[in-house]
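Below is one structure; the comments refer to it alone.
The values are calculated or read from the model by the stated rules, or taken from the named source; none is laboratory data. Just so you know, these numbers come straight off a predicted model, no measurement behind them. Cβ coordinates were reconstructed from backbone atoms using ideal geometry, including for glycine residues, and neighbour counts include every protein chain displayed. Quick note on the areas: whole protein, heavy atoms, side chains included, nothing else; ligands and nucleic acids left out. Shrake-Rupley method; radii C 1.70, N 1.55, O 1.52, S 1.80 Å.
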Amino acid sequence: MTMGPGWYLRRLSRMGPQEVGGRVGDAVRRRRWRSAPPDCPPVTDARFTAVLPAGAVAAVPPDAAKRLVAEADRLMDGHAEYFGEARDDLAAPDWWRDPRTGRRAPSGYAFDVPYRSEDAVGDVKQIWELSRHQYLTVLAAAYAVTGNERYAERVAEHLRSWWAANPPLRGVHWISGIELGIRLLSWVWVRRLLDGWPGAAGLFEDNPVALNQIWHHQRWLAAFPSRGSSANNHVIAETAGQFAAACAFGWFPSSTRWRSAALRSLERHLRANTFPSGLNRELATEYHGLVLELGLAAVAEADAAAVPVPASVRLVLLRMTDALAAVVDNRLRPPRQGDADDGHGLVLDGAGTDRWGSLLATGDVVFGRLAWWPAVTGTDVRTTLLAALVRPYARNAGADTCSVTRPADRPAHFADAGMTVLRGPEEIWCRCDGGPHGFLSIAAHAHADALSVEVRHDGVDVLADPGTFCYHGQPEWRRYFRSTLGHNTLQVDGGDQSVSGGPFLWTRHARSRVLVADTSDEGVARWGAEHDGYRQSVHRRRVELTAATRALRIVDEVRGPRRAVRLAFHLGPAVTADLTGDRAALTWTRDGEDRSAVLALPGELSWSAHRGETDPPLGWYSAGFGRKEPATTLVGTGFADGAQELTTVLRFRG
């Protein structure tokens with residue numbers, strides 16, 4: 001996917017004067033660094049002191065340690081999977097090769113690499129992911145819990161290989177700040193987890209190559225921060241990594257300045273990226289998880305280094321944790337909203353560890369759980385090790401304590417984010433979307449999903465958000481998974497509610513407004529909203545969840561002139577549909593038990609079922625980045641105007 005002049009003009013139109021000026025300065029600096037790159041200053045008396053407290057590793061739960069070691073052994077054998085692509089080359093990886101396309105990214109000055117072009121580079125996400133070095137934090141953690149030096153030796157071998165293959169400012173791994181920030185955080189934890197290994201100091205603080213890499217990563221991040229319309233989750237990763245490295249690797253003349261600047265930036269952007277309710281402003285749930293992980297890791301470094309952190313940082317992380325606890329379903333699955341690229345801030349666990357349960361477990365230790373929080377029964381490594389560094393603010397009085405009134409009951413409506421969660425009997429969970437179209441002027445990770453609903457029964461996707469699947473390289477699939485037709489909402493005249501200007505750019509945003517959100521009645525929960533994304537018409541939707549009948553009623557209106565419409569309902573991959581006219585019998589299995597529901601569809605429309613179609617794409621579900629599978633989508637086609645209502649009823653059987 002390459003960007004032509006039109007894209008650059010559209011992108012420029014979404015920037016303010018200050019951002020344009022900053023980007024001009026970046027361009028000048030890149031040109032200067034091409035011919036005269038900065039030099040790492042000499043370092044003397046470098047020592048690593050940000051170690052884990054005594055007994056921290058011994059406190060890791062045995063089952064979590066067992067999963068960790070099993071994953072580490074798989075990595076030692078060279079096996080891993082990234083974004084649906086199985087790899088068997090991790091014993092001696094090629095850092096620039098994309099295993100999906102077989103292409104190698106070109107060498108040369110980093111800012112000349114056309115990383116958006118799959119023809120020239122390959123799938124850059126595949127290339128970048130391994131070089132976040134989060135698999136090395138897993139190997140280092142396996143060394144910490146077992147004392148087996150073969151894990152440490154593999155980590156050292158791979159770090160030396162990477163540093164040799166990727167000198168500062170050369171190649172694809174020096175392009176994106178989020179990659180540098182996460183990589184720095186990984187290196188901090190690798191050094192911490194290898195502290196008992198005799199070769200740790202020789203790998204890091206006594207190694208001129210490592211010192212040069214660490215310095216250049218921080219110098220890069222100080223010089224090229226994400227700006228303006230791009231200051232989303234990327235800037236959080238950049239500042240968290242910069243702050244962590246400046247705390248743990250504070251060996252350079254600029255370390256104090258970098259640490260202070262990174263902390264100021266982290267505090268400012270955590271607040272900017274988070275609604276007061278605690279939900280992430282990108283309205284992309286996986287980025288909520290990423291930002292929360294990064295924020296908690298940054299606070300851990302601050303406490304390990306005895307660096308005071310503004311109370312507002314902890315307050316944001318507390319609100320994010322409470323919000324996460326509020327929106328998950330009974331299986332601890334959060335909404336599938338907006339973009340998702342499987343990105344993590346800090347990985348210390350083996351396969352099978354629940355990400356969201358882990359975050360709630362960490363929140364329990366750091367902030368204290370509330371009575372309405374869902375129970376977390378799983379264990380993980382990361383919570384234990386983070387908790388060993390982070391002081392438990394919920395139990396310590398003092399000026400820096402998070403003194404805030406927390407919700408006495410489980411919130412169901414987040415007015416600032418436009419998200420409402422309706423809950424019913426038999427673990428019925430329904431998310432209704434009446435919020436803003438993403439964050440900042442480009443809304444990079446938003447989907448055209450205004451007024452969409454997402455419905456689960458005991459954690460099973462019944463009316464599903466299909467997910468994301470891809471970012472670069474496959475524009476037709478990127479368009480589909482972001483489209484209005486790709487969500488459980490109404491499409492008018494064959495177009496999207498919001499106008500896309502590129503794979504991470506929206507040039508016109510639909511404006512939504514929640515009209516009612518009443519979850520106080522235990523018998524009937526109600527929600528209603530409208531949006532103006534279709535010119536001359538307004539799409540209005542009402543949703544009611546009735547406990548006694550276990551029925552969800554969805555009513556759609558198009559207020560305005562008569563328009564052609566398509567109403568889509570995407571079923572989860574586990575759900576089978578038998579469509580007869582305007583009635584669909586739905587069946588699925590959960591824990592060996594057969595479940596069923598009936599979907600009564602608007603008779604005013606003509607209904608058809610679609611599954612795994614490619615020309616154009618329709619009927620797909622993406623469980624994770626780079627993965628997709630066929631799933632049934634029911635589409636009703638016809639006309640609507642302000643004189644009629646389109647009523648859908650989903651009734652769960654006993």
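Here are a few things to note about the model shown:
- Global size of the range 70-122 as Cα Rg and Dmax, reported in angstrom: 13.2, 40
- Ratio Rg/Rh [Cα only; Rh per Kirkwood] for the range 241-331: 1.03
- For the chain: relative contact order, % (alpha-carbon pairs under 8 angstrom, 6 or more apart): 11 percent
- This model, with +1 at the C-beta of Lys and Arg and -1 at the C-beta of Asp and Glu, gives the chain a dipole about its Cα centre of some 1780 debye.
- Surface composition of the range 559-654: carbon plus sulfur atoms contribute 45% of the solvent-accessible area (1.4 Å probe, protein chains only, all chains present).
- Separation of alpha-carbon centers, the range 243-285 and the range 567-611, rounded to whole Å: 45 Å
- The chain: angle of helix 62-76 to the longest principal axis, Cα-based, in degrees nearest 10: 70 degrees
- On the range 412-496, 49 percent of the accessible area sits on carbon and sulfur atoms, based on a 1.4 Å probe.
- R0 of 51 Å, Cβ-Cβ distance Glu426-Asp39: FRET efficiency to nearest 0.05: 0.20
- A full extension of the chain between Asp493 and Tyr8 corresponds to an added length of 171.8 nm, given 0.36 nm per residue minus the alpha carbon distance.
- With Cα atoms, 0 to 90° folded angle of helix 233-248 axis to the chain main axis: 30 degrees
- Sorting 227-236, 625-634, 13-22 by average packing, meaning the other beta carbons within 10 Å per residue, from highest down gives 227-236, 625-634, 13-22.
- Average accessible area per residue (Å²) across the chain - probe 1.4 Å, nucleic acids and ligands excluded: 37 Å²
- Rg(Cα)/(2.2 N^0.38 Å) for the range 1-99, N = residue count: 1.85
- Protein-only accessible surface order, largest first, of Tyr82, Tyr534 at 1.4 Å: Tyr82, Tyr534
- Percent carbon-and-sulfur accessible area, the range 88-161, ignoring ligands, DNA and RNA, probe 1.4 Å: 40 percent
- Tilt relative to the chain, helix 255-272 - C-alpha long axis, 0 to 90 degrees, to 10: 10 degrees
- For the range 235-283, the alpha carbon convex hull comes to 61 Å³ per residue, rounded to a whole number.
- Theoretical FRET efficiency, 1/(1+(r/R0)^6), r = Cβ-Cβ of Ala306 and Arg87, R0 41 Å, to 0.05: 0.50
- Of the peptides 123-130, 459-466, 61-68, the order by per-residue mean of other Cβ atoms within 10 Å, starting with the highest, comes out as 459-466, 123-130, 61-68.
- Per-peptide average of other Cβ atoms within 10 Å, ordering 569-576, 287-294 highest first: 287-294, 569-576
- The relative contact order of the range 311-432 comes to 27 percent, based on Cα pairs under 8 Å that sit 6 or more residues apart.
- Two-decimal Rg/Rh across the range 176-271, once Rg and the Kirkwood Rh are taken from alpha-carbon atoms: 0.99
- The helix-only estimate of mean residue ellipticity at 222 nm for the chain, built from DSSP H runs of length n ≥ 4 each weighted as -39500 (n - 2.57), is -11000 deg cm²/dmol after division by the residue total.
- Computed lengthening from Ser608 to Thr587, 0.36 nm per intervening residue step minus Cα-Cα distance: 5.8 nm
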